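Peer 1: One structure follows; several queries about it will come next.
The values are calculated or read from the model by the stated rules, or taken from the named source; none is laboratory data. Just so it is clear, the structure is predicted and the values come from calculations on it, not from any experiment. FYI the Cβ positions are ideal-geometry reconstructions off the backbone, even for glycines, and counts take in every protein chain you see.
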Amino acid sequence: MEIYLVGGCVRDQLLERPVKDRDWLVVGANSDELTALGYQSVGKDFPVFLHPDTKEEYALARTERKTAPGYAGFAFHADADVSLEDDLRRRDLTINAIAQDAEGNLIDPYHGQQDLKDRILRHVSPAFAEDPVRILRIARFAARFADLNFTIADETLVLMKEMVSSGEVDSLVSERVWQETERALAESTPARFLQVLRDCGALARIFPEIDALFGVPQPAEYHPEIDTGIHTLLVMEQAAKLSNDTRVLFAAMTHDLGKGVTPAEELPSHRGHEEKGVPLVKALSDRLKVPKDYRDIAVNVARHHLQFHRAKELRANTILKLIKALDGFRRPERFKIFLLACEADARGRPGFENKEMDQPALLQAAFDAAAGIDTQPIIDRGFKGQAIAEELSQLRIKSIKKAIKPYADS
């Protein structure tokens, strides 16, 4: 029995990046032998075990055989006769197909080290095309390593396009799409995830609402980038700089979906696109089984982001209505997320990236002022029932007026 360190932990070591989890591969053994040694079986689809002491995962070397469409359509063979090279051959990318033995020696039959040096994402074998999840994974790795200038090998991109045209990508299940998307939104350059999907044609199949934004013009006066799809990528770039909360990134990604359904005769104007985008955000979220928290926040940003841009024009009572619409008093974190996503929208335009803007501070000041009004003094003054809520609103409006006055005068 031989045990190797494999996959992402070896790759990240070579890239001198932090290693989060270690994955171990066992060659020359079977399930009964590991069980006898005290390993606990946890694998559902193929043999994976937890080490009796460290609780790290140890997988038996295995091969795969395609039996049906989709990522789940595989038969696995895991036994003592499966070699290290056999196991590494089934992996997605050469940079993930490097193993390290107990003495620290690297086993790299598919030249992953060279691809790391050359900053190339390259598939290991034609078997890459058998699993559509790998399109999402390679897009996610492109997002993760964008700062290192990784590119996708030409032959790999060709293979990805063939997977789209053959319909293999259509067999992706919603849970896996969302799982990979959420992880991609947490990467350093999440916009790269969408760009790679678009480059291979998968964006139109997986996120048709987002793909529809590319080529749609906006007024150059407000959007020097003109193209709505490009704007979406720029907004995601800014959102990643402002926050590492993936809810902010999801809202940024979906905030302008309404512009994809603007009638051609109305372009480049997009009057009413905020409300038009709401059912599209809901449909995308429902289709991919996006968590309700993500969905609700994204809907709020799509519906109300224009009010953020016009914050200096809003009356105090309108700002109060906005805070209530966002459920800000009960869930103040949602209000903060709204401000971050909208600020990313404002900055996601050439020349606006570092521009000073009052909207975030103005709306935050208004929120703090309104949230600081306590109901108990109102009750102590003898107000009852609905009168309490009415008086509370009036006091909040007065407090908001005072808070935003310095910004209105600037």
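Peer 1: Just checking, how many residues over the stretch 365-401 are farther than 19 Å from Lys324 by Cβ and assigned to a helix (DSSP H, G or I)?
Peer 2: So the answer is 4.
Peer 1: Let me ask something else. Can you tell me which residue in the stretch 253-272 is farthest from Ser243 (Cα to Cα), limited to those that are more than 23 Å from the chain's Cα centre (by Cα) and either of a type in the set (Val, Ile, Thr) or not in a loop (DSSP other than H, G, I, E, B) (or both)?
Peer 2: Glu265
Peer 1: Within the stretch 27-42, does at least one residue satisfy the condition of being in contact with a strand residue (DSSP E or B) (Cβ under 6 Å, 6 or more places away or on another chain), under 22 Å from Ile135 (Cβ atoms), touching a residue at least 12 places away in the same chain (Cβ under 8 Å) and surrounded by 13 or more Cβ atoms within 10 Å (Cβ to Cβ)?
Peer 2: No.
Peer 1: Within the stretch 83-113, can you find the residues that are buried (at least 21 other Cβ atoms within 10 Å of the Cβ) and either of a type in the set (Val, Ile, Thr) or over 21 Å from Met163 (Cα atoms) (or both)?
Peer 2: Passing the criteria: Asp87, Leu88, Thr94, Ile95, Ala97, Ile98, Ala99, Tyr110, Gly112.
Peer 1: From the list Val164, Val169, Val177, Val158, exactly one residue is over 23 Å from Gly348 (Cβ atoms) and touching a residue at least 60 places away in the same chain (Cβ under 8 Å). Which is it? Spell out how you get there, then give the answer.
Peer 2: Working: Val164 fails: touching a residue at least 60 places away in the same chain (Cβ under 8 Å); Val169 fails: touching a residue at least 60 places away in the same chain (Cβ under 8 Å); Val158 fails: touching a residue at least 60 places away in the same chain (Cβ under 8 Å).
Sole residue among the options that is over 23 Å from Gly348 (Cβ atoms) and touching a residue at least 60 places away in the same chain (Cβ under 8 Å): Val177.
Peer 1: Next question. Looking at the stretch 291-339, which of its residues are out of contact with any Phe, Trp or Tyr (no Cβ under 9 Å at 6 or more places or on another chain), over 28 Å from Leu395 (Cβ atoms) and hydrophobic (A, V, I, L, M, F, W, C)?
Peer 2: Selection gives Val299, Ala302.
Peer 1: Which numbered condition trips up Asp170, out of (1) more than 21 Å from Tyr4 (Cβ to Cβ); (2) surrounded by 21 or more Cβ atoms within 10 Å (Cβ to Cβ)?
Peer 2: All conditions are met except number (2).
Peer 1: For Ala371, indicate whether it is loosely packed, with under 15 Cβ neighbours inside 10 Å and among the aliphatic types (A, V, I, L, M). Walk me through it before giving the result.
Peer 2: Details: loosely packed, with under 15 Cβ neighbours inside 10 Å: no; among the aliphatic types (A, V, I, L, M): yes.
Spelling it out, it is not the case that Ala371 is loosely packed, with under 15 Cβ neighbours inside 10 Å and among the aliphatic types (A, V, I, L, M).
Peer 1: Would you call Pro52 closer than 30 Å to Glu33 by Cα, of a type outside the set (A, V, I, L, M, F, W, C) and in contact with a Phe, Trp or Tyr (Cβ under 7 Å, 6 or more places away or on another chain)?
Peer 2: yes
Peer 1: Being without any contact (Cβ under 8 Å) to a residue 40 or more places away in the chain and within 15 Å of Ile319 (Cα to Cα) is the requirement here; does Ala389 meet it?
Peer 2: Details: without any contact (Cβ under 8 Å) to a residue 40 or more places away in the chain: yes; within 15 Å of Ile319 (Cα to Cα): no.
Against the criterion (without any contact (Cβ under 8 Å) to a residue 40 or more places away in the chain and within 15 Å of Ile319 (Cα to Cα)), Ala389 does not qualify.
Peer 1: Can you tell me which residues in the stretch 216-234 are surrounded by fewer than 18 Cβ atoms within 10 Å (Cβ to Cβ), assigned to a loop (DSSP other than H, G, I, E, B) and not charged (D, E, K, R)?
Peer 2: Once the filter is applied, which keeps residues that are surrounded by fewer than 18 Cβ atoms within 10 Å (Cβ to Cβ), assigned to a loop (DSSP other than H, G, I, E, B) and not charged (D, E, K, R), the stretch 216-234 yields Pro219, Ala220, Tyr222, Pro224, Ile226.
Matching residues to (1) closer than 20 Å to Ala403 by Cα; (2) surrounded by 14 or more Cβ atoms within 10 Å (Cβ to Cβ); (3) modelled with pLDDT of 95 or more:
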| residue | (1), (2), (3) |
| --- | --- |
| Ala311 | yes, yes, yes |
| Arg315 | yes, no, yes |
| Thr318 | yes, yes, yes |
| Leu326 | yes, yes, yes |
| Pro332 | yes, yes, yes |
| Phe338 | yes, yes, yes |
| Ala341 | no, yes, yes |
| Ala344 | no, yes, yes |
| Arg347 | no, yes, yes |
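Peer 1: Mind listing just one residue for me: the one in the stretch 177-207 that is assigned to a helix (DSSP H, G or I) and charged (D, E, K, R) and, of those, nearest to Leu234 (Cα to Cα)?
Peer 2: To start, the set of residues in the stretch 177-207 that are assigned to a helix (DSSP H, G or I) comprises 177-185, 191-200, 203-206.
Next cut, charged (D, E, K, R) only: 180, 182-183, 192, 198-199, 205.
Details: Glu180: 21, Glu182: 18, Arg183: 19, Arg192: 10, Arg198: 15, Asp199: 17, Arg205: 22 Å.
Selected residue: Arg192.
Peer 1: Please work out which one of (1) free of Cβ contacts under 8 Å to residues at least 24 places away in the same chain; (2) of a type in the set (A, V, I, L, M, F, W, C); (3) not in a helix (DSSP H, G or I) is the condition Leu213 fails and give its number.
Peer 2: Result: Leu213 passes all but (1).
Peer 1: Report the residue count in the stretch 374-386 for those that are surrounded by fewer than 19 Cβ atoms within 10 Å (Cβ to Cβ) and touching a residue at least 12 places away in the same chain (Cβ under 8 Å).
Peer 2: Count: 1.
Peer 1: Do we have Val281 as part of a helix (DSSP H, G or I) and either surrounded by fewer than 19 Cβ atoms within 10 Å (Cβ to Cβ) or under 24 Å from the mean Cα position of the chain (by Cα) (or both) here?
Peer 2: yes
Peer 1: Out of Asp199, Asp293, Asp256, which single residue is touching a residue at least 24 places away in the same chain (Cβ under 8 Å), surrounded by 15 or more Cβ atoms within 10 Å (Cβ to Cβ) and either among the basic types (Lys, Arg) or farther than 30 Å from Ala153 by Cα (or both)? Spell out the reasoning first.
Peer 2: On the way: Asp199 fails: either among the basic types (Lys, Arg) or farther than 30 Å from Ala153 by Cα (or both); Asp293 fails: surrounded by 15 or more Cβ atoms within 10 Å (Cβ to Cβ).
The unique qualifying residue is Asp256.
Peer 1: Considering the stretch 334-360 alone, what residues qualify as being within 21 Å of the chain's Cα centre (by Cα) and either hydroxyl-bearing (Ser, Thr, Tyr) or more than 19 Å from Met253 (Cβ to Cβ) (or both)?
Peer 2: Phe335
Peer 1: Suppose we filter the stretch 114-141 for residues that are farther than 20 Å from Glu187 by Cα, out of contact with any helix residue (DSSP H, G or I) (no Cβ under 6 Å at 6 or more places or on another chain) and either among the aliphatic types (A, V, I, L, M) or surrounded by fewer than 21 Cβ atoms within 10 Å (Cβ to Cβ) (or both); how many remain?
Peer 2: If we filter the stretch 114-141 for residues that are farther than 20 Å from Glu187 by Cα, which is where we start, we get 114-115, 117-118, 123-132.
Going one step further and asking which of them are out of contact with any helix residue (DSSP H, G or I) (no Cβ under 6 Å at 6 or more places or on another chain), we end up with 114, 117-118, 126-127, 130-131.
Still in the running and either among the aliphatic types (A, V, I, L, M) or surrounded by fewer than 21 Cβ atoms within 10 Å (Cβ to Cβ) (or both): 114, 117-118, 126-127, 130.
Residues in the stretch 114-141 being farther than 20 Å from Glu187 by Cα, out of contact with any helix residue (DSSP H, G or I) (no Cβ under 6 Å at 6 or more places or on another chain) and either among the aliphatic types (A, V, I, L, M) or surrounded by fewer than 21 Cβ atoms within 10 Å (Cβ to Cβ) (or both): 6 in total.
Peer 1: Conditions first: (1) more than 30 Å from Lys276 (Cβ to Cβ); (2) assigned to a helix (DSSP H, G or I). His305 passes all but one, so which condition is the exception?
Peer 2: Answer for His305: the failing condition is (1).
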